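A quick write-up on the structure given underneath.
Rule-based calculations on the coordinates, nothing more; no lab input. These numbers come from a predicted model, not from an experiment. Please note: Cβ atoms are built from the backbone with ideal geometry, for glycine as well, and neighbour counts cover all protein chains shown.
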């Protein structure tokens, strides 16, 4: 074929670029599939937690003769513990009852005097 040039050894730079593009595309598709799988797993976990939370609330509500308003009131109080009403549970500073110094709520003991804090049911 006149006009076509192939370097020694049959190396085709366009074929190499095409192969690299395919590999990159395949890697991107695998990464996307992995992210989708992880997202689906998290979605299923949230749905399960939501279901269990609703079931627990209905048991507590019926046995203690509470109302949805009671739950909402306590939820707002818990929300405000960090000083912001934002619908989120955030870490907040705790004052040590022994030394009076402030530690972050994620710590299980006072960073200054070592007093163990009372355990949080969810922490």
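Residue 108 to residue 68: FRET efficiency via 1/(1 + (r/R0)^6), r the Cβ-Cβ distance, R0 35 Å, to the nearest 0.05? Calculated value: 0.55.
Find how many whole Å separate the alpha carbon centroid of the range 59-76 from the alpha carbon centroid of the range 14-34. Taking the Cα centre of each part, the range 14-34 and the range 59-76 sit 54 Å apart. Diffusion of the range 13-85 by Stokes-Einstein, at 25 °C in a medium of 0.890 mPa s and with Rh set to the Kirkwood radius over alpha-carbon pairs, works out to 146 µm²/s.
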